[in-house]
Amino acid sequence: MLVKHRESQGLPKPTMPFQLIWRRFEMLWRRRLVRNVVKVLADALGATLAVLVAIWMSGGPSGSALITSTDGLILAVAAVTVLAIAMCNGYRSVWHFTDGREASRFVTVGALLLAVLFFCRVTGLVRLPVVTALQIPLFTVLFCVGIRAVRRWQVEERKRRSCNRIALRQAEPYRVLIAGAGLSGAKLSRDILLTAPKGVTIAGFLDDDPSKQGAIVHGAPVLGTLDALAAVVDAQRVDELLVAMPSAPVEVLRKLIRTAEELGIRVRTIPGVHQLVQGTDLHRPGSATLHELVNGGPPPALRPATEDGRRVLVTGGAGFIGSHLVRLLLERGYRVRVLDHFAYGAAGLASMRDHPRLEIVKGDICDMKAVARGVRDTHGVIALAAIVGDPACNLDPEETVNFNYQATKILKEACTFYGVRRLVFASSCSVYGANSNGLLTERSRLNPVSLYARTRILSESILFDRQGDVEPVVLRLATVFGASPRMRFDLVVNTLTARAVVEGKVTIFGGNQWRPHVHCHDAARAFVMALEAPAEAVAGEVFNVGASDLNMRILDLGKLVASSVGRAVDVVIGDNAQDPRDYRVGFDKIRSVLGFVPARSLEYGIREVADAIRSNPALQSYQDPIYHNVHALSQRMRAIGVQDAAIPDLVA
């Protein structure tokens, strides 16, 4: 009866005792305490082997009169090794992966073990040759790292076999397993059955509720509990796991996702499933239904390019950088889809609305329906839209954090669901904040001193958290300047230039703070290069965007503006301003990896803006709110009310 019950649930039949033992071991391994005990024993074994090898190389206990109490030495070295690794949080990290932090951790462990051995030797607690005392820490580190390397190889080999298995079965049905057989899972399965293309099938459900075991939901059985994931994946040949448990504890979700990733299958957590099913959204009006999300099916690979070129989505494409970027993409043969709220008008794209390869979607980037419509059928996404700049972010700090976090999360999940591989994200060098000790690189400590900078760090973290098949690339932009179809005069270079041309005077408050700069057209070029670069060069990487010679103090920048606008300008030095932002940034990484070198200097940008102001009378009213994000946003809030306002996407 037990075997028949297992067969009815789709679980493999236990025909061999070894299989039963192995499955029991897998169930035990999922317990954190058991895993930690095994890790400790493995490290202790590595330390034991290190002592034995070192003693053997010295001639053995009988070959060296100095070595005494071998058993005590082994226990001491194993204990110190385990304690040192535990003190370095070595058992809290992902144990089967190695990185630079893992290597530095073991250097610390080896140094500590060496110090303990020499202390014991000097104090007479143990008699040990100097060479052996040096060899023991070295071999201990090598064996412990080797154990982790073997574990990593084992996991990668399992993933490789899973990928090969999926590749061999591309012509077979694409099988989806749903975690959660409650209301959300049932609605999700129904929408998949109604809208998914031919070939997508539901293998079944997993649920911990005992009353649901063996039940049938929309024709698919509940195959077991969440702990049975590994067995069900193997038995049912599952290609993807959809997690539809909006009320489950975070730890349960993390464990489930980690297990699925180790099994080598795709895993997606549908954001706000219960809101989407009911036709509402947690944060914004204009929700999407699961029908819209599932339409087209979950593609295992990118769709092929169309005859007119690959399609790219640009959020905030009508903005200061976006209007340059859209033109560059069209010139390179791309089909471009722009998602923008047009809160600052349509000047950025007004001259190209009728372009045959340009598609414009008006919508809010926190509107799931608009984002789903924008992301679908695209090969890459460039995310420029956000609430940008300190003054704009400070209008409503709570709304700023909510908006930037929610928008990034929605975009990331939409890219994951629709199989978009490349996601290029606009961040800011302001994340370095008050940090004036030399040129800052992508590995420098982050020290945000503004709400805007903190939201950029939060958004970066969202992108790199469980990135899955998405290839996120983060570009930390220097302070942008220059002329654009959508002009801005709330940027330091443009503001000083406008005042110099219109008023014949620039006032500098403080002026000793360093700032990096980059022209808006060069910034757009950087996004194109990041979009087209090979994955092995840019996936999961952060790049500062600018050039070292464009770092300049504010006071020197004011003097440069005065000498470049082509008329006599007075430079007035005011009192020191209370501005903690002070940083110089290095850009060697983007130059060496992407070959990016800015083509437009500060002098070029200043003269360009000055000529634009002189030739266009409308730009001489540079204080008009349409040219200032914070003023336009403030007017919008006052007009429609902060509580009911749908915050527009402000373009960096």
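The values are calculated or read from the model by the stated rules, or taken from the named source; none is laboratory data. These numbers come from a predicted model, not from an experiment. As a convention, Cβ positions derive from the backbone with ideal geometry for all residues, glycine included, and neighbour counts pool all protein chains shown.
A count restricted to the stretch 182-195 and to residues that are under 31 Å from the mean Cα position of the chain (by Cα), more than 21 Å from E261 (Cα to Cα) and not hydroxyl-bearing (S, T, Y) stands at 7.
Checking each residue in the stretch 342-396 for being within 23 Å of the chain's Cα centre (by Cα) and either in a helix (DSSP H, G or I) or without any contact (Cβ under 8 Å) to a residue 12 or more places away in the chain (or both) picks out M368, K369, A370, V371, A372, R373, G374, V375, D390, C393. Just one of the listed residues (T507, T497) is outside the structural domain of A346 (by TED's automatic domain parsing) and buried (at least 24 other Cβ atoms within 10 Å of the Cβ), namely T497.
Rundown of residues vs (1) in contact with a strand residue (DSSP E or B) (Cβ under 8 Å, 6 or more places away or on another chain); (2) under 22 Å from D469 (Cα atoms); (3) charged (D, E, K, R), yes/no style:
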position	(1), (2), (3)
G363	yes, no, no
M368	no, yes, no
C393	no, no, no
N404	yes, no, no
R421	yes, yes, yes
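Evaluate the following for G345: is it assigned by TED's automatic domain parsing to the domain that holds A530, closer than 21 Å to S484 by Cβ, among the small types (G, A, S) and surrounded by fewer than 20 Cβ atoms within 10 Å (Cβ to Cβ)? Spelling it out, G345 is indeed assigned by TED's automatic domain parsing to the domain that holds A530, closer than 21 Å to S484 by Cβ, among the small types (G, A, S) and surrounded by fewer than 20 Cβ atoms within 10 Å (Cβ to Cβ). The numbered conditions (1) at pLDDT 90 or above; (2) more than 35 Å from the chain's Cα centre (by Cα); (3) not small (G, A, S) are all true for L594 except (2).
Looking only at residues in the stretch 499-526 that are touching a helix residue (DSSP H, G or I) at 6+ places or on another chain (Cβ under 6 Å), at pLDDT below 95 and among the hydrophobic types (A, V, I, L, M, F, W, C), the one that is nearest to F587 (Cα to Cα) is I508. Number of residues in the stretch 491-508 that are part of a loop (DSSP other than H, G, I, E, B) and closer than 23 Å to S351 by Cβ equals 1.
Let's see how each residue does on (1) hydrophobic (A, V, I, L, M, F, W, C); (2) under 26 Å from P534 (Cα atoms):
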position	(1), (2)
G348	no, no
D354	no, no
A370	yes, no
H379	no, yes
L384	yes, yes
I387	yes, no
P391	no, no
N402	no, no
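Restricting the stretch 196-249 to residues that are of a type in the set (G, A, S) and under 30 Å from the mean Cα position of the chain (by Cα) leaves a set whose member that is surrounded by the fewest Cβ atoms within 10 Å (Cβ to Cβ) is S247.
Filtered by the rule that a residue be over 25 Å from G389 (Cα atoms), in a strand (DSSP E or B) and at pLDDT 90 or above, the stretch 302-336 gives R311, V312, R335, V336.
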